[in-house]
Amino acid sequence: MRLRIFVTPLVIAALAISLTGCGAGSNATTRLTKKVTDGQEAEIKNDNNKMILRNFVLVAQPDGSAVVVGTAVNRGLNDDALLGLAINGVQAQLTGSSTIAQNGTIIFEGETANAKAVFQGVNLKPGTNVDLSLFFGVAGEISFKVLVRGAEGIYADITSGLVPPTEPTA
């Protein structure tokens, strides 16, 4: 009888801790999951190179194109160059700055933008994730999944900059 008085509360406490997930500690899977809606982050670290990619998203346009939004920061010891971007085997049309000095940035879109990258004819659906690949001359290549957003809300002013074709007049 005395044994049951001591064992029952211990069993109840052990079950409560294990069933509520408190027993998983600070590395619980549900604690480490995050839904990125303001941009994906990645970095390349090798030898003396460190390229940091921040807040990357693709903004789908009504004409089927997609515009890159994000910032690349060169924290390496050498100057570098962005050679290109690709999704699903389609290369972006890159305009503006493509060289990144040590501690310099390439900013896609926004008030301080110094580059623009547009994928033509990719017809991406907002809310999906796609693999975006960036190719640097020194740091190398990186691919990571980015969210596709619609051209609405904070992304409403982002356009492909492509001039729509006009029909000939008679």
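The values are calculated or read from the model by the stated rules, or taken from the named source; none is laboratory data. It should be emphasised that the depicted structure is a prediction, and the values quoted were computed from it without experimental measurement. Virtual Cβ from ideal backbone geometry, glycine too; neighbours counted across all protein chains shown. To get the accessible areas, we keep the full protein, side chains included, count just its heavy atoms, and leave off ligands, DNA and RNA. Shrake-Rupley method; radii C 1.70, N 1.55, O 1.52, S 1.80 Å.
Numerical summary
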{"read-out": "Residue list for the range 47-74, filter: touching a Lys or Arg at 6+ places or on another chain (Cβ under 6 Å) and within 16 Å of ALA117 (Cβ to Cβ)", "value": "VAL57, VAL59, THR71"}
{"read-out": "Check on LYS145, loosely packed, with under 15 Cβ neighbours inside 10 Å, touching a residue at least 60 places away in the same chain (Cβ under 8 Å) and not in a strand (DSSP E or B)", "value": "no"}
{"read-out": "Residues (under 18 Å from the mean Cα position of the chain (by Cα), open to solvent by 20 Å² or more (accessible area, probe 1.4 Å), over 15 Å from SER160 (Cα atoms) and polar (S, T, N, Q)) located in the range 65-108", "value": "THR71, ASN88, THR105"}
{"read-out": "Enumerated strands (runs of 3 or more DSSP E) restricted to the range 75-133, each holding at least 2 residues that are closer than 16 Å to PHE144 by Cα", "value": "80-87"}
{"read-out": "Looking only at the range 109-140, and only at residues there that are farther than 15 Å from GLY161 by Cβ and free of Cβ contacts under 8 Å to residues at least 24 places away in the same chain, the one that is surrounded by the fewest Cβ atoms within 10 Å (Cβ to Cβ)", "value": "GLU111"}
